[in-house]
Amino acid sequence: MRLRARRPGAGSWRGFALPGIVWLVLFTVVPAYALLAMAFGKENFLLEPVPAWNPGTWNVGFLFQAISGAVPGGEFWPSVRNTIVYVAASLVLCFVIGYPVAYYVARHARRTKALLIVLLVIPFWVSYLLRMLAWIGLLASDGYVNKVLSGLGVAHPPNWLNGNAYSVILALVYGYIPYFILPVFAGLDRIDRHQIEAARDLGATPFSAFLHVTLPLSRPALLAGSALVVLPMFGDYYTNDLISGSPRTNMLGNEINLFVQGGPQKNLGACLVVVMMAILLVAMAYYVLQTARDTRRFA
Amino acid sequence: MITRRALLRRGALAAAGLGASGLLGACADTTTPVGAIAADADVGPGGLPLARPDRPVTLPIYRDNRAIASGLRPEAGPLQFYNWIEYINQDVINDFQRRYKVKVEISTFTTIDEAVAKLASGAVQFDVFVPETVFLEELVVGKILQPLNHSYLPNLAAHVWPSLQSPWYDVGSRYSVPYTVYTTGIGWREDFLPGFDPSRLAKPWGALWTEGPRIAGKVGLLDDQHDGMTMGLLERGILDPNTERPADLAAAKDALVRLVQATNLKFDTNEYQHLADGSLWLHQAWSGDMASAPYYLPKGTPAKVLRYWWPANGRGPINNDMFGVLRGARNPVLAHLFLNHVLDPDEAFKNFSFVGYQQPLNEMTPEAVIAHGLVPPNLRTTLIRDQQFRNGLVQGPLSQYGAVLWENAWAAVRSS
């Protein structure tokens with residue numbers, strides 16, 4: 001029998017993972033299971049959800065209602081569709097705006113690098129809610145944005161807060177883009193310059209070197225940044241509430257909020273969270289697979 | 001932005017579904033499988049008959065939950081008051097502290113579910129709480145409130161409107177005294193809508209539908225299930241704000257969906273801000289919010305631009321908040337004295353200057369409130385009399401069946 005070689009002290013090193021594992025179990029696995037127990041539980045005569053901890057007693061009635069409502073033609077479909085479209089559009093804008101910013105700070109900022117990093121972190125000092133409230137002032141009919149547009153000669157500046165999808169998307173981008181830029185910056189900053197120089201030495205143009213070296217090497221960071229913004233955007237409801245307030249821009253988070261905030265169908269709200277988690281799991285599975293592939297490729 | 005009123009009413013969505021974990025524990029063996037909800041419009045979630053003005057309910061007094069004896073000395077405090085955010089004037093609190101030489105400590109909550117869950121769990125102990133009609137029965141059944149001893153509450157008989165001394169939701173005021181009354185009507189900006197007045201329309205409750213399309217994007221509805229749906233019911237000519245008939249709710253839902261599509265309707269609960277800053281011109285509104293709206297007007301804009309309509313005959317949505325003493329109160333005598341203190345007319349006027357909501361006291365007539373300079377004459381319609389309150393379309397608790405119907409209809413409107 002062949003024994004696997006064991007590195008000395010490997011067991012004690014694994015022990016360092018213990019706090020993290022305990023943390024994950026306590027604050028991820030247990031809450032997730034509690035959510036399922038609530039979603040698949042029953043209601044008492046007070047219309048409050050009673051969690052079913054034993055999977056053998058799970059009641060999937062509300063889950064069927066949530067799933068049938070979330071597919072095209074269902075009662076929640078407009079919100080699901082809006083959520084997917086808004087998040088996808090916001091992600092594209094995060095790429096278009098965030099990548100160049102992160103690229104510049106990582107590759108070209110020299111003396112100003114520290115200052116620019118501080119500027120990138122500054123939005124974290126202000127709560128998301130306050131930043132969204134600030135946008136109401138900026139985007140109001142007589143707000144600064146329209147004043148600037150009027151000053152530039154735009155005769156009829158848009159009514160940004162009039163229940164428009166583009167306002168919600170812009171607000172989502174504004175709210176979450178720092179979470180995208182920072183990991184992308186970190187990834188770009190870690191790229192070995194020698195690899196880019198090697199590409200140039202082998203005759204690549206700057207653009208070609210970027211396309212064939214920098215961009216592929218930054219893919220893990222782009223995926224991480226995407227995951228960081230997509231996850232919270234998917235569950236976001238307050239941005240839409242504040243910036244739009246119109247049912248036309250309802251997102252899945254708004255539906256969940258409606259059922260969970262109060263009322264007799266909190267189980268249904270929990271089931272909608274399960275549906276949302278299922279959609280996100282698809283995205284996360286792609287992220288995990290790509291990350292694993294990139295790790296093998298660039299190791 | 002979610003206001004105290006909005007949060008309060010959202011709690012009312014759960015009227016039926018009181019978030020009382022303690023109750024849940026007590027009722028753990030009464031779970032009902034999903035889908036087994038049966039139509040029973042006469043019984044509330046707590047098992048008591050649904051209170052209505054024409055079917056008043058006398059709340060039970062339990063052997064293990066009796067009122068305190070008469071003639072007791074007030075405790076040393078501090079009095080623990082569990083209240084909505086900014087729902088009492090600090091001057092009223094200060095007066096009580098001076099009068100009884102005690103401290104009052106206020107803890108606040110943001111949703112009624114959160115508040116009741118904490119109270120029922122026993123994790124927190126407060127003396128005074130602010131329940132609402134729609135879930136009073138459950139608080140009593142759950143023995144979260146204690147019965148009141150009226151010997152400590154002389155202001156109840158001396159000042160409160162006769163209709164609320166023994167209200168339909170709590171005959172004999174066994175567990176509650178009224179706090180504020182409010183109506184739900186229509187607010188608008190007269191400067192943007194000159195000549196507009198719902199009272200001049202053949203169907204005043206259809207004002208948003210008739211006027212709204214012309215000013216699409218400038219129309220708002222309260223983001224509140226009960227009041228929002230009630231607007232749809234009223235537009236359809238259905239005057240029962242507690243109906244559990246599916247056809248009624250379907251008609252209201254369809255009317256509201258039409259309104260959403262025709263007016264690019266906004267849903268919010270800060271109508272006082274939107275009307276004041278001119279971002280919206282026509283909005284379903286709460287009377288107390290409209291009374292406060294002049295304070296939010298931009299500098300230089302006169303208060304007369306704000307208007308509020310609610311039918312003078314009282315056939316419109318109306319409700320009231322209340323105070324109760326919690327069963328686990330450590331200062332029950334002081335809590336009773338506090339309830340009595342808030343029912344003092346002088347304190348009520350002070351309170352109005354901060355919260356904007358009228359108290360149902362004989363002295364607090366519309367004329368008196370205006371004479372005190374608390375409300376401009378053009379917003380006199382935000383104030384009501386006892387007779388109007390008696391005629392009002394009150395919102396009461398719903399059955400389990402009804403609560404689900406209402407919520408599903410509202411969800412359809414909100415995602416239309």
Exercise. How far is helix B:345-355 tilted off the main Cα axis of chain B, in degrees rounded to 10, range 0 to 90?
Worked result: 50 degrees
Exercise. Among A:Ala186, A:Ala89, A:Asn159, whose Cα sits farthest toward the positive end of the charge dipole of the range A:76-298 (+1 at Cβ of Lys/Arg, -1 at Cβ of Asp/Glu, about the Cα centre)?
Worked result: A:Ala186
Exercise. If you count, for each residue, the other Cβ atoms within 10 Å and average over each peptide, how do B:157-170, A:23-36 line up from highest to lowest?
Worked result: B:157-170, A:23-36
Exercise. Which of A:Ala278, B:Thr58, B:Ser416 sits farthest toward the positive end of the charge dipole of the protein assembly as shown, with +1 on the Cβ of Lys and Arg and -1 on the Cβ of Asp and Glu?
Worked result: A:Ala278
Problem set entry | Degrees, to the nearest 10: B:246-263 long Cα axis against longest axis of chain B | 50 degrees
Seminar exercise, completed: The pairs in B:Lys103/B:Lys299; A:Lys266/B:Lys143; B:Lys203/B:Lys253; B:Lys218/B:Lys350 lying past 26 Å Cα-Cα in this model are B:Lys103/B:Lys299; B:Lys218/B:Lys350
Seminar exercise, completed: TM-like helix rule applied to chain A (DSSP H, alpha carbon span at least 20 Å on the long axis, mean Kyte-Doolittle at least 0.5) gives A:77-93, A:165-190, A:219-235, A:266-298
Seminar exercise, completed: Once the in-chain neighbours fewer than 8 apart are removed, the lysines whose Cα is under 25 Å from A:Lys113 read none
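Which value, in debye to the nearest 20, gives the size of the charge dipole of chain B about its Cα centre, when Lys and Arg are +1 and Asp and Glu are -1 at the Cβ?
Working: 37 positive and 41 negative charges, 71 e Å.
The dipole of chain B has a size of about 340 debye.
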Problem set entry | Where GluC sites (Glu not before Pro) in DSSP loops with at most 14 other Cβ within 10 Å are excluded, longest remaining stretch of chain B | B:87-362
For this session: Evaluate peptide A:260-273: per residue, the Cβ atoms of other protein chains within 10 Å of its Cβ; return the mean as an integer.
Result: 6
Problem set entry | Other-chain or far-sequence residues with amide H under 5 Å of B:Ala285's (modelled H) | B:Gly185, B:Ile186, B:Gly187
Exercise. How big is chain B by the Kirkwood estimate over distinct Cα pairs, in Å?
Worked result: 21.8 Å
For this session: Mind checking the full-extension length gain between B:Ser199 and B:Thr58? Use 0.36 nm per residue of separation minus the Cα-Cα distance, one decimal, nm.
Result: 47.0 nm
Exercise. Cβ under 15 Å from A:Pro183's Cβ, A:Pro183 left aside: what net charge do those residues give with Lys, Arg +1 and Asp, Glu -1?
Worked result: 0
Exercise. Ranked highest first by the average count of other Cβ atoms within 10 Å around their residues, in what order do A:210-222, A:247-259, A:113-125 fall?
Worked result: A:247-259, A:210-222, A:113-125
Problem set entry | Per residue value of the accessible surface for the protein assembly as shown (all protein chains in place, 1.4 Å probe), Å² | 43 Å²
Exercise. With the dipole of the protein assembly as shown worked out from charges on the C-beta (+1 for Lys and Arg, -1 for Asp and Glu) around the Cα centre, which of B:Ala335, B:Pro366, B:Tyr296 lies farthest toward the positive end?
Worked result: B:Tyr296
Problem set entry | Accessible carbon and sulfur surface of the protein assembly as shown relative to its total accessible area, %, 1.4 Å | 62 percent
Problem set entry | Alpha-carbon centroids, the range B:281-352 and the range A:69-148: separation in whole Å | 39 Å
For this session: Using Cα pairs closer than 8 Å and at least 6 residues apart in sequence, work out the relative contact order for the range B:314-416, in percent.
Result: 38 percent
Exercise. If you place +1 on the Cβ of every Lys and Arg and -1 on the Cβ of every Asp and Glu, how big does the dipole about the Cα centre of the range A:176-299 come out, in debye to the nearest 20?
Worked result: 240 debye
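Using only alpha carbon pairs under 8 Å that are at least six residues apart, calculate the relative contact order of chain A and give it in whole percent.
Result for chain A is 25 percent.
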Problem set entry | For the range A:76-298, average projected area of the Cα convex hull in nm² | 15.4 nm²
Exercise. Taking H as built 1.01 Å from N, whose amide H comes closer than 5 Å to the amide H of B:Thr108, not counting residues under 5 places away?
Worked result: B:Asn83
For this session: Pull up all non-local amide H partners of A:Glu43: gap of 5 or more, or a different chain, and H-to-H distance under 5 Å with H placed in the peptide plane.
Result: A:Val50, B:Thr32, B:Val34
Exercise. Using a cut-off of 17 Å between alpha-carbon atoms, which aspartates and glutamates can reach A:Lys42, once sequence neighbours fewer than 8 places away in the same chain are excluded?
Worked result: B:Asp29
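Just want to confirm a number: the relative contact order over chain B, from Cα pairs under 8 angstrom separated by 6+ residues, in percent.
28 percent
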Problem set entry | Euclidean distance between Cα centres, the range B:355-416 to the range A:181-255, Å | 50 Å
Exercise. If you place +1 on the Cβ of every Lys and Arg, -1 on the Cβ of every Asp and Glu, and leave all else neutral, what size is the dipole of the protein assembly as shown about its Cα centre, to the nearest 20 Debye?
Worked result: 2560 debye
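The values are calculated or read from the model by the stated rules, or taken from the named source; none is laboratory data. Note that the structure is a prediction, hence the values are computed from the model and not measured. Methodologically, a virtual Cβ is constructed for each residue, glycine included, from the backbone with ideal geometry; neighbour enumeration extends over all protein chains shown. With ligands, DNA and RNA removed, areas are computed over all heavy atoms of the protein, side chains included. Shrake-Rupley method; radii C 1.70, N 1.55, O 1.52, S 1.80 Å.
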